[in-house]
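To start, the structure under review is shown below, and the notes come after it.
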Amino acid sequence: MIIFDNVSKKYGGNIGLTRASVHIKKGDFVFLVGPSGAGKTTFIRLILKEIDADSGSITVAGKDITRLSRREIPELRQKIGMVFQDFRLLDKKTVFENVAFAMEVVHKSRKQIKQRVPHVLELVGIADKADRYPHELSAGEQQRVGIARAIVNQPRVLIADEPTGNLDPKTAMEIMNILEKINVRGTTILMVTHAKDIVDRMNKRVVTIEGGRIVRDEQGSYGFMDDFDYDSDEEVDRYVF
Amino acid sequence: MFSRAGYALKQTFSQIWRNKSMYLVSVLAITAMMLILGIFFISFVNVDMFTTTLNKDYNVIQVYLDENNDGAEDKAVEEAILALDGVDKAIYESKADALVKLKQRWGDNAYLLDNLQDNPLPNSYLVYVEDKDAADYVAEAVTEIPGVDDVTYYRDTIEKLSKITRFVETASMIAMIFLIVVSVIIVANTIKLTVHNRAQEIGIMKYLGATDWFVRAPFILGGIVIGLVSSLISTGAIYVIYSKIIGLIQADVIRMLSVELVPADYLVFNLLIMCAALGVGIGTCGSIISIRRFLAK
Ligand SMILES: Nc1ncnc2c1ncn2[C@@H]1O[C@H](COP(=O)(O)OP(=O)(O)OP(=O)(O)O)[C@@H](O)[C@H]1O
Ligand SMILES: [Mg+2]
């Protein structure tokens, strides 16, 4: 679904990403972890073509996006659902309108919107608050709306940049359950997080970036980033519990 | 397709409503611009029309005959005129014909001429010449012919008028460019404010895969609305004022200059088309300028 092949990106002198190669398959649930400034957001912005790679190639849903023209970018983004740490809901719109907005933007009809939105709100468990405004909701509820908006157009991939960053652990786990549910229904998920406990608990594939390089790509736990010798079973025993 | 246009229009009007005072100010400013433009346009068209009318007489020289001439002497003058190089024909206009013409020209004021004891107008020849050079030469030469009293020839007037026309034309152009630039800046600033109010929304729209045109449409339409409303108001005002002016001075203009003012309907219709096109252009440019930055990836 998403293939990075030897992708590098520099911001002037700053390294964003260096020779990164990752293959995320359809239906995968992948955590993208690493210290602050490692290049995680850079990775996501490259997928959305908010920024262009300096070298290497990026394929999204079977299409090489490195040579995409400006006009083709909306089509790419329609295949991707985005969830943000700060939710980014429109405060003058109700829950229903926020989710409907995503459909209006891609020219869906009124009828389609009326059918689809309640269904998605049901899925994320916020159907009873459809007429509320974002400021009348808890953080966890706002993030449910954020997820509903991201999936309402049935994207191939859901990308979440620290979606639980502003939530308490219990609410965070509720959000993770929703994401897992969405994943089970066939949507590929790429989630950036710093939350070690969540990553460990979910037992999914974990891609680790450090200083712009992919330093680890394994199933299971958060792992460690410093001096990690992936070939030694002893080390694994020592670091992974 | 229809619903897309409907959506964009709905967005446009809710946007205008939310920023109504700003939109109103820019409509007023651009209306003022267009009023100035309209005044230039009206002056230009009238002066131009006047010049064209006079230009038709460019090749006519009126040669007035001495009062004391008899028929044979007049005939001799005619022959002398026809003998000059570049003369096409010479048509006799008796003093009686001249008075009838003058009465026509004076229209409602013609009764003033009824009290004349004697017809003070002289007999004359209307001499038609081939071209401008011939006109100069003939006008000069006829004064030498015995029995010729005076000569009128529009050349000087026409040249003065052409100068005025060119001046009005240049001034209109400069004014127009200046006003267009100012108007674009005004619209751009208004739209920029609207864009700012919706910056967060635009950012989200782009993540959701909205096309540039989808994002742009309500702003461009907003700019066009400003331009169109301004053109309607300004043209309407000019129509009213110009009709009044025509009512007041048309008769005098006809008497003094023997031309009519350009009719209000014709002129204002053209002005409306011009202002509307200009308004659409100004609105489009202004809004595209102000939203460009926000559409960068
Ligand atoms: N627009 C930019 N201009 C210059 N440097 C940038 C820019 N964006 C990111 N960088 C640099 O690129 C590197 C990677 O940044 P990135 O935002 O991808 O990190 P991150 O892994 O998302 O970090 P965090 O966990 O703090 O969100 C950092 O060193 C950062 O300073
Ligand atoms: Mg980041």
Inset, instruction - Please determine, in degrees from 0 to 90 and to the nearest 10, the orientation of helix B:2-18 with respect to the longest principal axis defined by the Cα atoms of chain B, where the helix direction is its Cα long axis. - result: 90
Inset, instruction - Provide the three semi-axes, in whole Å and in decreasing order, of the ellipsoid equivalent to the range B:22-164 as defined by the square roots of 5 times the Cα gyration tensor eigenvalues. - result: 43, 22, 9
Legend entry - Average Cα contact separation per residue, chain A, under 8 Å, 6 or more apart, as relative contact order %: 27
Inset, instruction - For A:Lys108, list the lysines whose Cα falls under 22 Å from its own Cα; do not include residues on the same chain fewer than 8 positions away. - result: A:Lys79, A:Lys92, A:Lys93, B:Lys10, B:Lys206
Legend entry - Descending principal axes extents, chain B, alpha-carbon based, whole Å: 98, 42, 31
Legend entry - Long-range HN-HN contacts of B:Asp149 with modeled amide H, under 5 Å: B:Tyr64, B:Leu65, B:Asp66
Legend entry - Whole-Hz couplings from phi, Karplus 6.51/-1.76/1.60, listed for the range B:137-154; x for Gly and Pro: 5, 5, 4, 6, 5, 5, 5, 7, 6, x, x, 9, 8, 7, 9, 10, 7, 7
Legend entry - Area hidden from solvent between A and B (accessible, protein heavy atoms only, 1.4 Å, total, Å²): 2000
Inset, instruction - For helix B:212-257, report the angle its Cα long axis makes with the longest principal axis of the Cα atoms of chain B; keep it between 0 and 90° and round to the nearest 10°. - result: 20
Inset, instruction - Beta carbons within 10 angstrom, averaged per residue: use that to sort the peptides B:142-151, A:199-208, B:64-73, A:136-145, highest first. - result: A:136-145, A:199-208, B:142-151, B:64-73
Legend entry - Under 10 Å, Cβ to Cβ, from B:Lys95 - net charge with Lys/Arg +1 and Asp/Glu -1: -4
Inset, instruction - Set the Förster distance to 30 Å, then compute FRET efficiency between B:Lys132 and B:Val182 from the Cβ-Cβ distance, nearest 0.05. - result: 0.10
Inset, instruction - Note down the relative contact order for chain B as a percent, whole number, built from C-alpha pairs under 8 angstrom at least six residues apart. - result: 29
Legend entry - Net length gained if the chain between A:Ile51 and A:Asp64 were fully extended (0.36 nm per residue, minus Cα distance): 3.2 nm
Legend entry - Cβ-Cβ FRET estimate between A:Lys196 and B:Ile273, R0 fixed at 56 Å, reported to 0.05: 0.20
Legend entry - For the protein assembly as shown, radius of gyration divided by Kirkwood radius, i.e. Rg to Rh on alpha-carbons: 1.33
Inset, instruction - Might you tell me the accessible area per residue for the protein assembly as shown, computed with a 1.4 Å probe and given in Å²? - result: 51
Legend entry - Net dipole in debye of the range A:89-154 [+1 Lys, Arg Cβ; -1 Asp, Glu Cβ; about Cα centre; nearest 20]: 300
Legend entry - Cβ-based charge dipole, the range B:59-153, positive-most Cα from B:Ser94, B:Gln104, B:Leu126: B:Gln104
Legend entry - In order through the range A:174-184: 3J(HN,Hα) via Karplus (6.51 cos²θ - 1.76 cosθ + 1.60), integer Hz, x for Gly, Pro: 4, 5, 4, 5, 5, 4, 5, 4, 5, 4, 4
Inset, instruction - Let me have the 222 nm mean residue ellipticity of the protein assembly as shown computed from DSSP H runs of 4+ only, each contributing -39500 (n - 2.57), with the sum over all residues rounded to the nearest 500. - result: -19000 deg cm²/dmol
Inset, instruction - Just give the residues from the range B:204-250 buried by at least 20 square angstrom of accessible area in the all-chains context relative to the isolated chain, probe 1.4 Å, and say none if nothing qualifies. - result: B:Ile204, B:Met205, B:Lys206, B:Tyr207, B:Leu208, B:Gly209, B:Ala210, B:Thr211, B:Asp212, B:Phe214
Legend entry - the range A:89-154 - percent of accessible surface contributed by carbon and sulfur, probe 1.4 Å: 45
Inset, instruction - Kindly state, to the nearest 0.05, the FRET efficiency for B:Phe167 paired with B:Leu257, given R0 = 22 Å and r defined as their beta-carbon distance. - result: 0.75
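The values are calculated or read from the model by the stated rules, or taken from the named source; none is laboratory data. It should be emphasised that the depicted structure is a prediction, and the values quoted were computed from it without experimental measurement. So basically every Cβ, Gly included, is an ideal-geometry build from the backbone, and we count neighbours across all protein chains shown. Side chains are part of the model used for accessible areas, which takes the heavy atoms of the whole protein and leaves out ligands, DNA and RNA. Shrake-Rupley method; radii C 1.70, N 1.55, O 1.52, S 1.80 Å.
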